[in-house]
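To start, the structure itself, in structure tokens.
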Amino acid sequence: MNLYNENMVIIDLDRQETQTRELDLDLVQERIGGAALNQALYQQVSAQEPESDPIIIGTGPLTGTPIPGAGLSVITAKSPVTGQLAHVPILQWIGSEIKYSGFDFIVIKGQAENPVYLWLHDGLADIADAGAIKDQDTWQTTDWIRRQRGDNLIQVISTGSAAANQSPNAQLVLNYWPSADHVGMAKLLGEKKIKAIAFRGLGIIDAENGESLIEEAIQLKDRIRKEVVRRKAGVGSLGPDLGCPDLAGWLKPLVHRNRSCFACPFPCLSFVKYNESPRMIAESEVAEPGLLLTNPQVVAAFYRTGLEVETAMRSLEVCARLGVDPLSAAAALEQNRPQNLEQAKAVIGNLAAASDRADAPLVGADASPFSPWMPNAVTFSVNEGQADAAAAAGDDGKLRNALGYTLGICPLLLLAVPFLDQAALANLLSLGGGEEIDSEKLEEVVGLCLD
Amino acid sequence: MDPIECIGCGACEVVCGFQRDVAFTLTSSSIIVYRAEEKKNYFGLLYKTKTELVTGRPEGVQRAKLGASQPSGGGAGGKEILIRPACDECSDAPCARICPTGAIEMEEA
């Protein structure tokens, strides 16, 4: 089938078995993909095996194509923090690698007896022993898997000590960097004794009208760069929409280079260096010079702690290594007011071991099933600092989220690009998939995520 | 090539691969985003022509004749370009057209 591998895998941790299956194409017709299809799989598995507590990882039809922002996959499960079904986006280069590893959807059920990591590669799914890494932090875990498997481009969803302790403050980490998991998905992995999930593949994605899809991608990219992004870059550019107008200025002394996720023309990821000069552009001997800032709400939360920027960034690195939700950490840091980095580390370390969730007001605030990692609007494309647009985007934001999570496109980009609307997305889907889908059908399907 | 402008999106790899395999893939392009030093945030472009290997480091571009001793560094992540097919010099240069920042531009011969 165009845009998919037509491949899914069921990983049964109770039986230590994996079973590859053909993708149910009728379900794809009905649910298109991403969060909408994940939700259907979750409901199917839960109905048949209520004790299995399934986790579904799914790609969208556009994931892995050169359409702007098409690097998203989704993890869907019942959040141990909110008790509700939740969808967490997987971005950077991991979302696309899931599809290139040969799998469109992955169902994980049951619980392992001993710590394991899942290794999905070129259509093969292995349950591997994680004894050597069970006590390692997330950075050590990703390094170990990449060394063990001989490939620095393996993409890893990792967990740290917070997940191992089954703390509700646990967060998934993407390779080395904080994710958009603010609903304790990592706690769920910890309960299942999954230390990490690794992906790598030499996949090929067919498209019906691939050349036309590429032309559309180029024209969209040109228009996005000219009318929306212009020269904006870095997480600091989102400061006004996060309620932190001086975010860029606060970060500026540490910012090295900005970069983007797979196929995205907006480089909203900022790398900060504090273990060497951020002006060091050439490769140096310093193995771990800093941190990639991947989550706008997290950066804003750390700005609001009042910590000096380097202390804040080093504290965020501790969150990433331990796999602690930085929103929980920021709330605790604001409350405890640490005087130095050692005190901040102690606060974060306590969260990794805590059995209670630290107050993190964004989680579940509007009962949305989607991660609260983004601002409610991205207004630099409309009018600089226009607050009304943000308010107006409240409901529109939920639909944009649902569209992105279903099709495999970053919802932050969709929020910033109003002309990438339902009709345009339906056209892209029709071009690539080869079957006509209209915007009404698209809205009907993505609406299922909002029920 | 202006590697410091690269934002590491990889769209160039995907569209170049499509020219060869008529499908979206990252295995057959003549241009690669070098991204094997993720913790250092050290990334750039590797590009293979019929006669040269062009290493687009963020600090500057190096060119070497294929078969001569190659520029150092890059580790295992850099060596892959050597087994890729050489650039077909497509007249419409989709890699340059899809690049969002102008890090890749097509030059007239």
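Taken together, the values in this text are just the output of simple stated rules run on the coordinates, not laboratory data. Bear in mind the structure is a predicted one, so any value in this text is a computation, not a measurement. Note that each Cβ is placed from the backbone with ideal geometry, even for glycine, and that neighbours are counted across all protein chains shown.
Under conditions of 25 °C and 0.890 mPa s, segment A:409-451 yields 223 µm² s⁻¹ as its translational diffusion coefficient, taking Rh as the Kirkwood radius over Cα pairs in the Stokes-Einstein equation.
Label segment A:1-103 by shape, choosing from rounded, prolate and oblate, from the square roots a ≥ b ≥ c of the eigenvalues of the Cα gyration tensor; if a/c is under 1.5 it is rounded, and otherwise prolate applies when a/b is larger than b/c, oblate when it is not. Since a/c reaches 1.5 and a/b is larger than b/c, the shape of segment A:1-103 is classed as prolate. Residue by residue along B:36-48, Cβ atoms of other protein chains within 10 Å of the local Cβ number 6 on average. For segment A:103-143, a crude dipole built from +1 on the beta carbon of Lys and Arg and -1 on the beta carbon of Asp and Glu, taken about the Cα centre, is about 160 debye to the nearest 20. Using a ≥ b ≥ c from the Cα gyration tensor of segment A:184-318 (square roots of the eigenvalues), is it rounded, prolate or oblate, where a/c under 1.5 gives rounded and otherwise the larger of a/b and b/c decides, a/b for prolate? Oblate, because a/c is 1.5 or more while a/b does not exceed b/c. Round to the nearest 0.05 the FRET efficiency obtained for A:D122 and A:E285 when R0 = 51 Å and r is the Cβ-Cβ distance. The value I calculate is 0.90.
Taking the Cα centroid of segment A:269-318 and of segment A:195-250, what is the distance between the two, rounded to the nearest whole Å? Spelled out, the Cα-based centre of one part sits 21 Å from the other. On the beta carbon distance between A:Q29 and A:S212, with R0 = 25 Å, the FRET formula returns roughly 0.70. Projecting the Cα positions of A:P245, A:S52, A:L420 onto the charge dipole of the protein assembly as shown (unit charges on Cβ atoms of Lys, Arg, Asp and Glu, taken about the Cα centre) puts A:P245 furthest along the positive direction.
Among the listed pairs A:K78/A:K441; A:K192/A:K398; A:K78/A:K134; A:K99/A:K398, those whose Cα-Cα separation exceeds 29 Å are A:K192/A:K398.
For segment A:273-358, which GluC sites (Glu not before Pro) are in a loop by DSSP, counting at most 13 other Cβ atoms within 10 Å? Each step should come with its number before you reach the end.
Numbers: sites: A:E276, A:E283, A:E285, A:E308, A:E310, A:E317, A:E334, A:E342; in loops: A:E276, A:E283, A:E285, A:E308.
Listed in order of number, the matching sites are A:E285, A:E308.
The Cα atoms of the protein assembly as shown give a gyration tensor whose axes a ≥ b ≥ c have a/c under 1.5, which makes the shape rounded.
With the radius of gyration and the Kirkwood radius both derived from the Cα set of segment A:214-267, what is their ratio Rg to Rh? Provide the component values of the computation, followed by the final result.
Working: Rg = 13.0 Å, Rh = 12.4 Å.
Computed over Cα atoms, the ratio is 1.05.
How big is the charge dipole of chain A about its Cα centre, in debye rounded to the nearest 20, if each Lys and Arg gets +1 on its Cβ and each Asp and Glu gets -1 on its Cβ? Kindly include the intermediate steps, with their values, before the conclusion.
On the way: 36 positive and 57 negative charges, 323 e Å.
Using only the charged Cβ atoms, the result is roughly 1540 debye.
Over all directions, what mean area does the Cα convex hull of segment A:291-357 project, stated in square nanometres? Show your work: numbers first, answer last.
On the way: hull surface 15.8 nm².
Reported value for the Cα convex hull: 4.0 nm².
What separates the Cα centres of segment A:429-451 and segment A:88-112 is a distance of 22 Å. Give me the log10 of I(q) over I(0) for segment A:103-175 at q = 0.15, 0.16, 0.21, 0.23 Å⁻¹, as the Debye formula computes it from C-alpha points; what are the numbers? One equal scatterer on each Cα of segment A:103-175 leads to -0.53, -0.60, -1.06, -1.25.
Going by neighbour counts of Cβ atoms within 10 Å, the residues A:H87, A:H121, A:H256 line up, fewest first, as A:H121, A:H256, A:H87. Considering segment A:156-229 at the alpha-carbon level, its Rg and Dmax are found to be 18.8, 50 Å. Exposure proxy shown here: for B:C9, B:C90, the number of other Cβ atoms within 10 Å sets the order, fewest to most, as B:C90, B:C9. Evaluated with a Cβ-only charge set (Lys, Arg +1; Asp, Glu -1), chain B carries a dipole of roughly 460 debye about its Cα centre, given to the nearest 20. Within segment B:32-65, list the residues whose amide N lies under 16 Å from a label point set 7 Å along Cα→Cβ of B:D92. Answer for this model: none. Annotation for A:R15 and A:K226: the two label points, set 7 Å from Cα along the Cα-Cβ direction, are 5.7 nm apart.
Per DSSP H run of at least 4 residues, take -39500 (n - 2.57); add these up for the protein assembly as shown, divide by its residues and hand me the 222 nm value, nearest 500 deg cm²/dmol. Can you show the working numbers first?
On the way: 19 runs with 187 residues, N = 560.
Value at 222 nm, helices only: -9500 deg cm²/dmol.
Between A:K252 and B:A64, the distance separating the two model label sites (each 7 Å from Cα on the Cα→Cβ line) works out to 4.0 nm. Per-residue shielding of A:202-215, expressed as the average number of other chain Cβ atoms within 10 Å of the residue Cβ, stands at 4.
Computed 3J(HN,Hα) for segment A:47-53, one whole-Hz value per residue from the Karplus formula 6.51 cos²θ - 1.76 cosθ + 1.60 where θ = phi - 60°, is 5, 7, 9, x, 7, 6, 6, glycine and proline marked x.
Taking amide H positions as modeled 1.01 Å from N, with prolines and chain starts lacking one, the residues under 5 Å from A:A170 and 5 or more places away or on another chain are A:K187, A:D325.
Taken one residue at a time, the phi angles of segment A:196-213 give Karplus couplings (6.51, -1.76, 1.60, θ = phi - 60°) of 7, 10, 10, 9, 6, x, 9, x, 10, 10, 7, 9, 5, 10, x, 5, 5, 5 Hz. Gly and Pro are set to x. Sorting A:M8, A:M185, A:M280 from the fewest to the most surrounding beta carbons within 10 angstrom yields A:M280, A:M8, A:M185.
Modelled spin-label separation between B:L82 and A:Q44, with each label point placed 7 Å from Cα along the Cα-to-Cβ direction: 4.6 nm.
In order along segment A:410-418, the phi-based Karplus estimate (6.51 cos²θ - 1.76 cosθ + 1.60, θ = phi - 60°) of 3J(HN,Hα) comes to 4, x, 5, 5, 4, 5, 7, 10, x Hz; Gly and Pro are listed as x.
Close Lys pairs in chain B (alpha-carbon distance under 24 Å; sequence gap of 8 or more, or different chains): 7.
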